[in-house]
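Undergrad: Once you've had a glance at the structure underneath, I'll fire off some questions.
The values are calculated or read from the model by the stated rules, or taken from the named source; none is laboratory data. Values in this document were obtained by computation on a predicted structure and should not be read as measured data. Using ideal geometry, Cβ is built from the backbone for each residue, glycine included, and neighbour counts are taken over all protein chains shown. To get the accessible areas, we keep the full protein, side chains included, count just its heavy atoms, and leave off ligands, DNA and RNA. Shrake-Rupley method; radii C 1.70, N 1.55, O 1.52, S 1.80 Å.
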Amino acid sequence: MIIETFSREETRELGRRLGEQAAAGSVYCLIGDLGAGKTVFTQGFAAGLGVAGPVNSPTFTIVQEYMGSRMPFYHFDVYRLEGPEEMEEIGYEEYVFGEGVCLIEWADRILEILPERRVEIRIEKDPGKGFDYRRIDIDQHE
Ligand code: ADP
Ligand code: MG
C-alpha cells in the first residue's frame, strides 16, 4: 500500500490510525533518511496505542518503553547502533517476540535479525513534489 502525505499532520494521523489497529506482538519497521518523518509517524502511532505523554527518539538508549491503553509500546531507534550484537546485549528478543508492539526507527540497519513477520514502512521525500511531500510505502512482510 502506498500513501502520500503533504504535511507533518497527515503523517502523524496515518501513524495514529495504524497504532489504533496494531496487534499485540507485532513489529513495525520504519525506514527512511534523516528528517523523512519516522519520529513524526511514531508520535502518531504511540497516540493511537493510547500512550499518554510525549514520545521522542530515545537518545541515550536504544529502546524506550511506554504503556499504551491495550499493551506496552517499545520504541527503538537503532541509528547509532554499531551492529546487531548490540541488540543482543539489550535482550531485544524479549521485546520483539513479546506481547507488546515494537516500532523500530532505522530498522534497515538490523533487518537480518528481525522476525520475518513484520510491517515495513518506507518513508521517502520527492523534491519535485514539494518540501512537505512524503511517499509512504507500507508492506506486510511475511
Ligand atoms: P526522522 O525521525 O525520520 O529523522 P522526523 O520525524 O524527526 O524525521 O522529522 C521530520 C521533519 O519533516 C519534521 O521537521 C516535520 O515537520 C517535517 N515534515 C514535513 N513534511 C512532512 C510530512 N509530510 N510528514 C512528516 N514530516 C514532515
Ligand atoms: Mg527519528
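Undergrad: Check the stretch 58-79 and report whether any residue there is within 16 Å of ligand 1 (Cβ to nearest atom) and among the basic types (Lys, Arg).
TA: no
Undergrad: Considering the stretch 23-63 alone, what residues qualify as being open to solvent by 60 Å² or more (accessible area, probe 1.4 Å) and within 12 Å of ligand 2 (Cβ to nearest atom)?
TA: Asp33, Leu34, Asn56, Thr59
Undergrad: Of the residues in the stretch 76-88, how many are within 25 Å of Ala24 (Cβ to Cβ) and open to solvent by 60 Å² or more (accessible area, probe 1.4 Å)?
TA: 1
Undergrad: Here's another thing I want to ask about it. Taking Tyr66 as meeting all but one of (1) open to solvent by less than 70 Å² (accessible area, probe 1.4 Å); (2) under 24 Å from Glu124 (Cα atoms), write down the number of the exception.
TA: So the condition that Tyr66 fails would be (2).
Undergrad: Cβ-Cβ distance below 7 Å, separation of 6 or more or different chains: which pairs start in the stretch 36-47 with a residue that is over 14 Å from Trp106 (Cα atoms) and of a type in the set (A, V, I, L, M, F, W, C) and end on one that is more than 6 Å from ligand 1 (Cβ to nearest atom) and in a loop (DSSP other than H, G, I, E, B)?
TA: From residues that are over 14 Å from Trp106 (Cα atoms) and of a type in the set (A, V, I, L, M, F, W, C), the pairs are Ala46/Val55.
Undergrad: Exactly one condition in (1) farther than 26 Å from Glu20 by Cα; (2) modelled with pLDDT of 95 or more is not met by Glu82; state its number.
TA: In the conditions (1) farther than 26 Å from Glu20 by Cα; (2) modelled with pLDDT of 95 or more, Glu82 misses (2) alone.
Undergrad: Under 8 Å by Cβ, and 6 or more places apart or on different chains, what pairs join a residue from the stretch 109-136 that is touching a residue at least 60 places away in the same chain (Cβ under 8 Å) with one that is open to solvent by 90 Å² or more (accessible area, probe 1.4 Å) and among the aliphatic types (A, V, I, L, M)?
TA: From the stretch 109-136, the pairs are Arg135/Ile2; Ile136/Ile2.
Undergrad: Checking Val63 against (1) modelled with pLDDT of 95 or more; (2) under 19 Å from Leu111 (Cα atoms), only one condition comes out false. Which one?
TA: (1)
Undergrad: If you don't mind, another one. List the number of the failed condition for Lys129; all other conditions in (1) of a type in the set (Lys, Arg); (2) within 20 Å of Gly35 (Cα to Cα); (3) open to solvent by less than 70 Å² (accessible area, probe 1.4 Å) hold.
TA: Lys129 satisfies all of (1) of a type in the set (Lys, Arg); (2) within 20 Å of Gly35 (Cα to Cα); (3) open to solvent by less than 70 Å² (accessible area, probe 1.4 Å) except (3).
Undergrad: Take Leu81 and decide whether it is on the phi < 0 side of the Ramachandran plot, among the hydrophobic types (A, V, I, L, M, F, W, C) and in contact with a Ser or Thr (Cβ under 8 Å, 6 or more places away or on another chain).
TA: Judged against the criteria, Leu81 is not a match.
Undergrad: Still on this structure: Mind checking which residues of the stretch 1-22 are of a type in the set (S, T, N, Q) and surrounded by fewer than 20 Cβ atoms within 10 Å (Cβ to Cβ)?
TA: Within the stretch 1-22, Ser7, Gln21 meet the criteria.
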